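Just below is one structure, and these are the notes that go with it.
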Amino acid sequence: MNLILLGAPGAGKGTQAEVIERECGLPQISTGNILKAAVKNATPIGLQAKSFMDSGALVPDEVVIGILKDRIAEDDCKGGFILDGFPRTVPQADALDAMGVIIDKVISIEVPDEKITKRLSGRRACPDCGATYHVEYNPPKTEGICDKCGGKLVIRDDDKPETVIERLKTYKEKTAPLIDYYKAKGKLVTVIGQEEVSDTSKLVLEAVK
Ligand code: AMP
C-alpha cells in the first residue's frame, strides 16, 4: 500500500506517519527529514537546499523529486510506503505518476491556522540529537535542556515566527491545491486533527483501513 499524508506544516503528518509505520509496517519517507540530514552533513544537496528551507520556501521540484525517486527505489519500499511531506506541489504529484507509482490513499490532516501557528512557534529542537519538544504540549523535564542527550534546545530557523508565516503561505499557494488534485482522482480521505495526538491517530488508522 502506498500512502500520502497531506497537511500544513505542524498538522502532525510526521507523528501520524510514525504511527502508521508502527501499526502497518510501512516505512515513513519524509523528504523534510532527508533534506535536514543533508543540511546537517553539508552534502551538495544540503548546501543547495538550506537557504530555501531557512526562509520557509520549498526546495526546487527537480531536487526533491530526485531524492524521492532514489529513496523509493530502496528495498524497504518494495511492499509500500508512507510519504510524509511529498508531494508538495502539483509537478511533484505528476512526477510520482510519471514514475509509475500507484497511490492508494491520500490522508489530508486538517488543522486550523491559529492552532498551526501555536504548535510551530512553541516547538523546540535539540541541535545535537534531533529530538523535538513543545513548550506546552511536550515539554522537556528541565526547561531548555534535551531529555535524551542534555543538549541545549533551540528554535529551528524554520520555526521562527516570520518563517512560520512564510511556510503557511507556501502551503496554501503550492500544496493545498493537491487536496483537489487527489479528490478528483477519488483518493482523498480527510481527517480532522484532534487536540490529543492519540485521537487523531485513531482516525488516521481508520482511514488507512
Ligand atoms: P518538513 O519537515 O516536511 O516541514 O520540511 C522542511 C523543509 O524542507 C520544508 O519547509 C521545505 O523547505 C523542504 N521540503 C521538504 N519536503 C519538500 C518537498 N516535497 N518539496 C519541496 N521542499 C520540501
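No value in this document is a laboratory result; all are computed from the given coordinates. Small disclaimer: the values here were computed from a predicted structure and weren't measured. Here the Cβ is made from the backbone with ideal geometry for all residues, glycine too, and neighbour counts use every protein chain on show.
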Item to complete: For the chain, give the magnitude of the charge dipole about the Cα centre (Cβ charges: +1 Lys/Arg, -1 Asp/Glu; no others), in debye to the nearest 20.
Response: 120
Worksheet entry | the chain - mean residue ellipticity at 222 nm from DSSP helices (-39,500 (n - 2.57) per run, n ≥ 4, rounded to 500) | -13000 deg cm²/dmol
Worksheet entry | ³J(HN,Hα), Karplus 6.51/-1.76/1.60, whole Hz, each residue of region 7-20, x for Gly, Pro | x, 5, x, x, 6, x, 4, x, 4, 6, 4, 5, 5, 5
Worksheet item: From the square roots a ≥ b ≥ c of the eigenvalues of the alpha-carbon gyration tensor of region 79-158, which class results: rounded (a/c under 1.5), prolate (a/b over b/c), or oblate?
Response: prolate
Worksheet item: Under unit Cβ charges (Lys, Arg +1; Asp, Glu -1), what dipole magnitude, rounded to 20 debye, does region 5-67 have relative to its Cα centre?
Response: 180
Worksheet item: With all pairs of different alpha carbon atoms counted, what Kirkwood hydrodynamic radius in Å does the chain show?
Response: 17.7
Worksheet, complete the sentence: Net charge near MET53 (other residues with Cβ under 9 Å of its Cβ; Lys, Arg +1; Asp, Glu -1) is -1
Worksheet, complete the sentence: Check: C-alpha center region 168-198 vs C-alpha center region 1-54, spacing in Å is 16
Discussion item. With both bridge residues required to lie in region 109-209, what share of the DSSP beta bridges run antiparallel, to the nearest 5%?
Written reply: 75
Worksheet item: Within the chain, what's the longest stretch lacking GluC sites (Glu not before Pro) that sit in DSSP loops with no more than 11 other Cβ atoms inside 10 Å?
Response: 1-73
Discussion item. For region 111-162, what does the relative contact order come out to in percent, with C-alpha contacts under 8 Å and a separation of six or more?
Written reply: 35
Item to complete: Considering Cα pairs under 8 angstrom that are at least six residues apart, work out the relative contact order of the chain and quote it in whole percent.
Response: 30
Worksheet entry | Loop-located trypsin sites (Lys or Arg not before Pro) in region 58-107 whose Cβ has at most 13 other Cβ within 10 Å (DSSP) | LYS78
